[in-house]
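> Have a look at this one before I ask anything.
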Amino acid sequence: MRLEALDRHAYHNGPLHRADVRIKLCATLAFVIAVVATPVGLWRPLAIEGLLLAFFVGLARIDPALLARRWLGFLLLVAFLGATVAQSHPARTQLGWAVVWLSILAKNSLAFVAVLTLAGTTPFPKLLDGLRRLGMPAVLVSTLHFMNRYTHVLTSELARMTQARRSRTFKRSGRLDWGLLTGLIGNLLVRSFERGERVHAAMLARGWDGTIRTLDGEAEAS
Amino acid sequence: MHIPDAVIDDPRVIMATSAIALGGLGFAVSRLKNQLRDKTTVLMGITAAGIFAAQMVNFPLFFFGAPVSGHLLGGMLSAVMLGPWGGACVIATVLIVQCLLCGDGGLSALGANFVNMGLIGSICGYAIYEPLRRAIGGSRGVLIGAMVGAWFSVLLAAGTFTFELAASGRQADFFNVLGWMVLVHAAIGVGEAVITGLVVRYVLSVRPDLIYLPDAAPVAKPIRWSQTGVAGLGIALAVAIFLAPFASEHPDGLEAVGGWFKFIDVSKEVQPAVTPLIPDYQMPGLTRWKGIATAAAGCVGTLVVFGLGMILAGTITRGTPAERGPERVAPDAA
């Protein structure tokens, strides 16, 4: 999966990795809101925010090439959407279309890199622990735990099913083979449900009482 | 349909959407607690992972010769399998993971994204699905209800997105944009409806017990197929026409629409589904009265989706348990 490099980096050790998750979550949220709320066309605050972010990326020792690759992947889409949203932006009449567009791009990039920095310094289970301690309902946290555990399993299951389908069907690519693809999705959902039932039975057999325990977090009731 | 950061940049709108999202999610979770058994979180988590993986399946499309692909959104689908509250929670978890791990969908737009796809997609979609399912009855009702619900969920989400944009200081051509968004998403929604319908048909013929039924009682015997079908269609059409008046003002902003049309083109990032169909919907003589065009698109779309649903319902394999409506089969067949 494309997340893996960043995911692995989250398990390194560094000053940002050791910081309390709740602080990191709140700081990221505050930073993103501050960036997004910066008025269009004011470059100095954006530059300061960029420097601040660069400092934290350096502190986290995340490979800039990795961040850049992920950022470029989304840039095209955001550029396209930003270009058309800028068309009707209230500030367009004073500043011109290009300025509005560039500042939407810049603000989006800063927010995007900030979220990736959070993901690159915090393993997901720890992030969930932080969310729980910030008051997220236990039902959602356990659901997120299960989702995180099985995303990789089901993604690779999907890859296996796709490969099996492609080795058995000889359709020209590009044709609308929606029947096959929806069959794939339906099968995937049914399999994930059945896996869920088996996992639940297996967990009951091991004495599960509805509480998810992680090695470094407190127990949480669901 | 994942709104990135900085597209909505008015702090008040961010706060308002976040507040609605938090309130809605809290309500969904509290409703879920009533039906919560220890199994629920396991099933929801794994279904969320399944929806997450299913969104990676790309459907090949041809948009004026250029290969484009779209994928499933899944709000209606998860609601059909887990109920409205479970479905909304599943969408919330998928969005949180996509936002925090992949950077897909902005952190500041998380609230707006959940309102559009979770609250509108799952809960409003279910509100349309449930009466239709009851009215038609049996697996046919599940299928048609899911398709019509999926179509409306895309349409309503597009309308909400327009409203959120307008609220952040872009009221100038609100009605224009809304008209176009409804028109374009009437077509996109057909794609989502067909995908949802085909997947639901598959699930109905393999594990009909996986479809969520709130009453858990045996499905009522369908009354008169023709009567109930017409009644369900009437409800759907009423909602479609209810949307239309919003689009009926400012009929002469065609220049602005040119720019907006580009904007709409992009916003369907997730599902540039059946776009080549739009010219059919926006019948040339009607373009100047977008209100009428929109209402027509609403009616045509509803009829198309309904018709497709009936065709699909007719092809459910006969002789499978699905024919007798959702019921429990061999739970340990896994």
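> With respect to B:Leu100, determine if the residue is facing chain A (nearest Cβ under 8 Å), surrounded by 20 or more Cβ atoms within 10 Å (Cβ to Cβ), at pLDDT below 90 and not in a loop (DSSP other than H, G, I, E, B).
For B:Leu100, the condition - facing chain A (nearest Cβ under 8 Å), surrounded by 20 or more Cβ atoms within 10 Å (Cβ to Cβ), at pLDDT below 90 and not in a loop (DSSP other than H, G, I, E, B) - is met.
> Can you name every residue in the stretch A:68-91 that is facing another protein chain (nearest Cβ under 10 Å) and not aliphatic (A, V, I, L, M)?
Across the stretch A:68-91, the qualifying residues are A:Arg70, A:Trp71, A:Gly73, A:Phe74, A:Phe80, A:Gly82, A:Thr84, A:Gln87, A:Ser88, A:His89, A:Pro90.
> So which residues in the stretch A:1-60 are in contact (Cβ under 8 Å) with a residue 60 or more places away in the chain, in a helix (DSSP H, G or I) and among the β-branched types (Val, Ile, Thr), if there are any at all?
Correct list: A:Val21, A:Thr28, A:Val32, A:Val35, A:Val36, A:Val57.
> Follow-up. Would you check which residues across the stretch A:1-59 are surrounded by fewer than 19 Cβ atoms within 10 Å (Cβ to Cβ) and charged (D, E, K, R) and list them?
Passing the criteria: A:Arg2, A:Glu4, A:Asp7, A:Arg8, A:Arg18, A:Asp20, A:Arg22, A:Arg44.
> Another one. Could you check the stretch A:123-139 and list, in sequence order, the residues that are under 15 Å from B:Gln98 (Cα atoms) and either more than 16 Å from the chain's Cα centre (by Cα) or outside any helix (DSSP H, G or I) (or both)?
Across the stretch A:123-139, the qualifying residue is only A:Pro123.
> Suppose we keep only residues that are more than 18 Å from the chain's Cα centre (by Cα) and polar (S, T, N, Q) within the stretch B:98-148. Which one would you say is nearest to A:Val36 (Cα to Cα)?
B:Ser108
> Among the residues of the stretch B:140-153, is any within 14 Å of chain A (Cβ to nearest Cβ) and either in contact with a Lys or Arg (Cβ under 7 Å, 6 or more places away or on another chain) or closer than 30 Å to A:Pro123 by Cβ (or both)?
Within the stretch B:140-153, one or more residues are within 14 Å of chain A (Cβ to nearest Cβ) and either in contact with a Lys or Arg (Cβ under 7 Å, 6 or more places away or on another chain) or closer than 30 Å to A:Pro123 by Cβ (or both).
> Can you report the number of residues in the stretch A:126-171 which are more than 29 Å from A:Leu16 (Cα to Cα) and either free of Cβ contacts under 8 Å to residues at least 24 places away in the same chain or at the interface with chain B (Cβ under 7 Å from one of its Cβ atoms) (or both)?
16
> Then there's this: Pull up the stretch B:9-60, narrow it to residues that are in contact (Cβ under 8 Å) with a residue 40 or more places away in the chain and among the β-branched types (Val, Ile, Thr), then point me to the one that is farthest from the other protein chains (Cβ to nearest Cβ).
Only one residue fits best here, namely B:Ile20.
The values are calculated or read from the model by the stated rules, or taken from the named source; none is laboratory data. Bear in mind the structure is a predicted one, so any value in this text is a computation, not a measurement. Using ideal geometry, Cβ is built from the backbone for each residue, glycine included, and neighbour counts are taken over all protein chains shown.
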